[in-house]
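Reading through the structure tokens given below for one structure.
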Amino acid sequence: SDIGSQKDRVVTEEEWRQKWEMGNTRFHKEQGHPLLLKYLDVLLTGRSGLRIFFPLCGKAVEMKWLADMGHSVVGAEVSEQALKEFFAEQNLPYCEEPVPEISGAKKLQSTSGNISLYCCSIYDLSSSIVGKFDGFWDRGALVAVNPRDRQRYASLMISLMEKNSSYLLVTVSYDPNKHKGPPFYVPESEIKSLFG
Ligand code: SAH
């Protein structure tokens with residue numbers, strides 16, 4: 001389970017914003033992810049009114065799904081374009097406000113109040129800013145984090161976990177010497193050491 005040449009690869013936040021500008025976003029799933037539906041019970045465990053976090057959210061349509069089920073959704077994303085496309089494509093009115101704790105960051109919140117998307121780096125967030133969460137949908141997130149930042153990312157996610165939270169993680173399995181990523185290959189053994 002060697003991640004080979006991927007361990008030193010870095011994709012900058014600016015490069016991610018450029019991908020959005022160029023429309024180079026094939027990771028986006030217009031129909032949403034079937035694995036969220038398949039494991040919805042594991043995420044929710046029969047509970048209602050949960051706080052659900054979407055790290056590196058892009059314009060994931062699953063945010064709308066969960067909000068429509070009565071949960072409160074929070075996301076984080078460096079591309080403001082992605083977040084604006086989300087609200088436009090989902091036909092949701094929203095307001096923007098600065099985030100006092102993070103210079104340059106904005107919060108885009110649906111007028112109904114149940115979807116709050118932070119436009120900033122995930123590493124700028126902490127539980128004192130966004131609170132803790134009952135559920136996490138990590139798809140295109142851990143696998144998009146630069147390999148050298150995985151420990152920091154996982155520690156941050158753990159610090160955002162409420163007691164009895166559930167965390168759905170989607171990874172991809174392939175030979176890391178054949179593609180440079182992202183998505184990066186994250187071996188099962190590394191997931192165990194990151195999250196325990
Ligand atoms: N989870 C989404 C998007 C996956 S692509 C989905 O399932 O469709 C990864 C996303 O993370 C991109 O939209 C990119 O702009 C964003 N991103 C990359 N680095 C980030 C960082 N440090 N903080 C917040 N968002 C980041």
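The values are calculated or read from the model by the stated rules, or taken from the named source; none is laboratory data. The structure displayed is predicted, hence computed values, not measured ones. Cβ: placed from backbone, ideal geometry, glycine included. Neighbour counts: every protein chain shown. Calculation scope for accessible area: heavy atoms of the full protein, side chains included, ligands and nucleic acids excluded. Shrake-Rupley method; radii C 1.70, N 1.55, O 1.52, S 1.80 Å.
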Does at least one position in the stretch 21-38 carry a residue that is charged (D, E, K, R) and in contact (Cβ under 8 Å) with a residue 60 or more places away in the chain? yes
Can you tell me which residue in the stretch 110-127 is most open to solvent (accessible area, probe 1.4 Å), limited to those that are touching a residue at least 24 places away in the same chain (Cβ under 8 Å) and within 12 Å of the ligand (Cβ to nearest atom)? Y123
The conditions are (1) closer than 21 Å to V170 by Cβ; (2) more than 12 Å from the ligand (Cβ to nearest atom); (3) in contact (Cβ under 8 Å) with a residue 24 or more places away in the chain, and V78 fails exactly one of them. Which is it? (2)
Residue list for the stretch 171-195, filter: open to solvent by less than 100 Å² (accessible area, probe 1.4 Å), in contact (Cβ under 8 Å) with a residue 24 or more places away in the chain and either in a loop (DSSP other than H, G, I, E, B) or within 15 Å of the ligand (Cβ to nearest atom) (or both): T171, V172, P176, G181, P182, P183, F184, Y185, V186, P187
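Select from the stretch 18-35 the residues that are in contact with a helix residue (DSSP H, G or I) (Cβ under 7 Å, 6 or more places away or on another chain) and within 10 Å of the ligand (Cβ to nearest atom) and list them in ascending order.
W20, T25, G32, H33
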Taking helices (runs of 4 or more DSSP H) that do not extend beyond the stretch 30-94, which have at least 2 residues that are in contact with a Gly (Cβ under 9 Å, 6 or more places away or on another chain) and open to solvent by less than 10 Å² (accessible area, probe 1.4 Å)? 62-68, 80-89
Which numbered condition G104 misses (of (1) open to solvent by less than 20 Å² (accessible area, probe 1.4 Å); (2) not in a helix (DSSP H, G or I)): (1)
Those residues of the stretch 128-141 which are assigned to a loop (DSSP other than H, G, I, E, B) and near the ligand (Cβ under 10 Å from one of its atoms), in sequence order: G140, A141
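Against the definition (at pLDDT 95 or above, of a type in the set (D, E, K, R) and under 23 Å from A105 (Cβ atoms)), how does K19 come out, yes or no?
yes
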